[in-house]
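Below is one structure, written out as structure tokens; comments come after it.
Since every read-out is calculated from the coordinates, none of them should be taken as a lab result. The model shown is predicted, which means the values in this text are computed figures rather than measured ones. Please note: Cβ atoms are built from the backbone with ideal geometry, for glycine as well, and neighbour counts cover all protein chains shown.
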Amino acid sequence: MYRFLLSRQWVITTLVALLLIPTMIWLGFWQLDRHDERAARNQRVADALAADPVPVQRLTSPGHAVTSEERYRTVTAKGRFDTDAEVVVRRRTNGNDRIGYHVLTPFVLDDGKVLLVNRGWIPADPASQSAFPKIPAPPRGETTVTGRLMPDETTEASGIRDLKDLPDRQIMLIDSAQEARRLGAPVLGGYLVQTAPEPKGDTPEQLGDPGRENAALNMAYAVQWWLFAAGVPIGWVVMVRRETRDRAAATTAEPEPTETEPATV
């Protein structure tokens, strides 16, 4: 009855089914690993944002690489803005996906070290992408700023090419080592995304809180792949039973041979 399973068509179908099952199981576990990674990152972000503010120099120093545990930590710094050495970071978007700049202003601390402060977003001038944009001024004199500590941006992490031939005072990536060479001063590793003082009037648009990654979606994908894996053998059995039934019905429908009577003379 099941000799048809040895046909070329059914052998290929069975082999494909046997290959799909472990592949789908592996894809499910891969999505589960992605879920765990995203959930861990979300927890680190939540812990960092909930931590009490600390002086920035407690977490970073010149040449220091900000770690994943230090990222998004709320830090404070006391000093003054140096607008003469201000630059803008090209091709950055705001919450409405409008293209503009991030304003990066050196903040000179009381001990002479420099903290890079991302003061927020300003729109680009559609008439000129090469001219230095008009930037609202920060508070004058000694100021205390608060914000989220961020690691230096890299091409590998951001996918943004760090172009060399750029208009004056415009950069593509925020790199503390590169800014230290430009400023000729000790620059703390990483940079600060300013959250306070809050903007008043004509100031750069502050950057929002970091979004959370959708870890639940990866868990849903994992369950989906495992259901697919379970469905493959079920589908194979259904196909075999259907083929068996169709063959049995075809055999029953064949007409039986009838005996012919001898001709009479």
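For the peptides 233-246, 135-148, the ranking by packing is 135-148, 233-246, with the highest mean count of neighbouring Cβ atoms within 10 Å listed first. Can you give the helix-only mean residue ellipticity at 222 nm for the chain, where every DSSP H stretch with n ≥ 4 adds -39500 (n - 2.57) and the sum goes over all residues, rounded to the nearest 500 deg cm²/dmol? Dividing the helical sum by the residues of the chain leaves -12500 deg cm²/dmol.
Ranking 127, 46, 76 by how far each Cα lies toward the positive end of the dipole of the range 1-143 (charges on Cβ) leaves 127 at the top. Of the residues 102, 144, 249, the one whose Cα sits farthest toward the positive end of the charge dipole of the chain, with +1 on the Cβ of Lys and Arg and -1 on the Cβ of Asp and Glu, is 144. The charge dipole of the chain, taken about its Cα centre with unit charges on the Cβ atoms of Lys, Arg (+1), Asp and Glu (-1) only, comes to about 320 debye. Working from Cα pairs under 8 Å separated by at least six residues, relative contact order for the range 66-150 is 40 percent. With the simple spin-label model, which puts each label point 7 Å out from Cα in the Cβ direction, the residue 83 to residue 183 separation comes to 1.7 nm.
For residue 151, neighbours were defined as the other residues whose beta-carbon sits under 9 Å from its Cβ, and their charges (Lys and Arg +1, Asp and Glu -1) total -2. In percent, how large is the relative contact order of the chain, given Cα pairs closer than 8 Å and 6 or more residues apart? Dividing the mean separation by the residue count of the chain yields 25 percent.
Please get the size of the charge dipole for the range 1-154, origin at its Cα centre, with Cβ charges of +1 on Lys and Arg and -1 on Asp and Glu, quoted in debye to the nearest 20.
Values: 20 positive and 17 negative charges, 125 e Å.
Approximately 600 debye in magnitude.
Summing Cβ point charges (Lys, Arg +1; Asp, Glu -1) relative to the Cα centre of the range 131-218 gives a dipole of roughly 220 debye.
The residues packed around residue 49, meaning those with a beta-carbon under 9 Å from its beta-carbon, carry a net charge of 0 if Lys and Arg are +1 and Asp and Glu are -1.
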